[in-house]
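Single-structure report; data block below.
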Amino acid sequence: MASKSILERGFKTKAEKIAIECKEKLNLHPCAPICAFKLAEHLKVKIFNPTEFSLSEEEIIKLTGEDSGWSALTMETKQGNRIIIHNNNHTLARQQSNIMHEIAHILCNHQIEDKYTDMNLPFGMRDFNKLQEEEAICLGSTIQLSKPSLQWALKRNMSPAQIAVHFDASIEMVNFRLRMTGLHRLIKY
């Protein structure tokens, strides 16, 4: 049984609109693939990986190792700028998803709790606001694979695997978005 969404009514529609606006800002067609790194650059959000900080080898392995379970986080600098730190050992498709998720936090203007702004990596990364996470999942995945993009791909009889390659997404993300949009019913197996 699917869990009940805690998203505010109309948020998914708003997410689709924001996804199209992001592509417009990058002069992309509404159905074109969008690169998370280029979107972050346009938004003036710097992206880092853990090796760019003064961390020990042990801390870097703890963050980026196969068993870490850590993907990315958004932090605020002392100057008030938001930055994204991500696990650059993930696949490129996963990195796209991770960064889109963090960009979604920024676009939704989610606030970072003060108690975590001064914490050093890799600590303090497990607390989160459930509603904010749901919004970031929805918006980040929608920016990566908007409904018009999926419709475009399905009209061309692309399989989920082909869609994943074309949009630099994981198969899991493609299937998630196909279910979220209801377009999974249109796939010919």
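The values are calculated or read from the model by the stated rules, or taken from the named source; none is laboratory data. Quick caveat, the model's predicted, so the values are computed rather than measured. Counting neighbours? That spans all protein chains shown, and the Cβs are built from the backbone with ideal geometry, glycine included.
Just a few scattered comments:
- Matching residues in the range 22-51 - criterion: being more than 18 Å from residue 108 (Cα to Cα) and of a type in the set (Gly, Ala, Ser): 32
- Conditions (1) within 28 Å of residue 153 (Cβ to Cβ); (2) free of Cβ contacts under 8 Å to residues at least 60 places away in the same chain; (3) buried (at least 16 other Cβ atoms within 10 Å of the Cβ); (4) hydroxyl-bearing (Ser, Thr, Tyr); number of the one not met by residue 97: (2)
- Hits in the range 1-16 (condition: of a type in the set (A, V, I, L, M), farther than 13 Å from residue 140 by Cα and in contact (Cβ under 8 Å) with a residue 24 or more places away in the chain): 6, 7
- Considering the range 146-162, the residues that are among the small types (Gly, Ala, Ser), in contact with a helix residue (DSSP H, G or I) (Cβ under 7 Å, 6 or more places away or on another chain) and more than 14 Å from residue 16 (Cβ to Cβ) include one that is surrounded by the fewest Cβ atoms within 10 Å (Cβ to Cβ), namely 161.
- Contacts under 8 angstrom Cβ, first residue in the range 152-178 being touching a residue at least 24 places away in the same chain (Cβ under 8 Å), partner assigned to a helix (DSSP H, G or I) and hydroxyl-bearing (Ser, Thr, Tyr), 6 or more apart: 167/149; 169/97; 170/97; 173/97; 173/141; 176/141; 177/141; 177/142
Yes or no, residue by residue, for (1) of a type in the set (Lys, Arg); (2) in contact (Cβ under 8 Å) with a residue 60 or more places away in the chain; (3) surrounded by 15 or more Cβ atoms within 10 Å (Cβ to Cβ); (4) not in a helix (DSSP H, G or I):
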site: 18; (1), (2), (3), (4): no, yes, yes, no
site: 22; (1), (2), (3), (4): no, yes, yes, no
site: 30; (1), (2), (3), (4): no, yes, yes, yes
site: 33; (1), (2), (3), (4): no, yes, yes, yes
site: 44; (1), (2), (3), (4): yes, no, no, yes
site: 47; (1), (2), (3), (4): no, no, yes, yes
site: 51; (1), (2), (3), (4): no, no, no, no
site: 63; (1), (2), (3), (4): no, no, yes, no
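- Assessment of the range 71-87 against the conditions (in a helix (DSSP H, G or I), at pLDDT 90 or above, in contact with a helix residue (DSSP H, G or I) (Cβ under 8 Å, 6 or more places away or on another chain) and not small (Gly, Ala, Ser)) yields no matching residue.
- The set of residues in the range 148-164 that are within 20 Å of residue 28 (Cβ to Cβ) and not polar (S, T, N, Q) comprises 148, 150, 152, 153, 154, 155, 156, 158, 163, 164.
- Within the range 165-189, being at pLDDT 95 or above, among the aromatic types (Phe, Trp, Tyr) and part of a loop (DSSP other than H, G, I, E, B) holds for one residue alone: 167.
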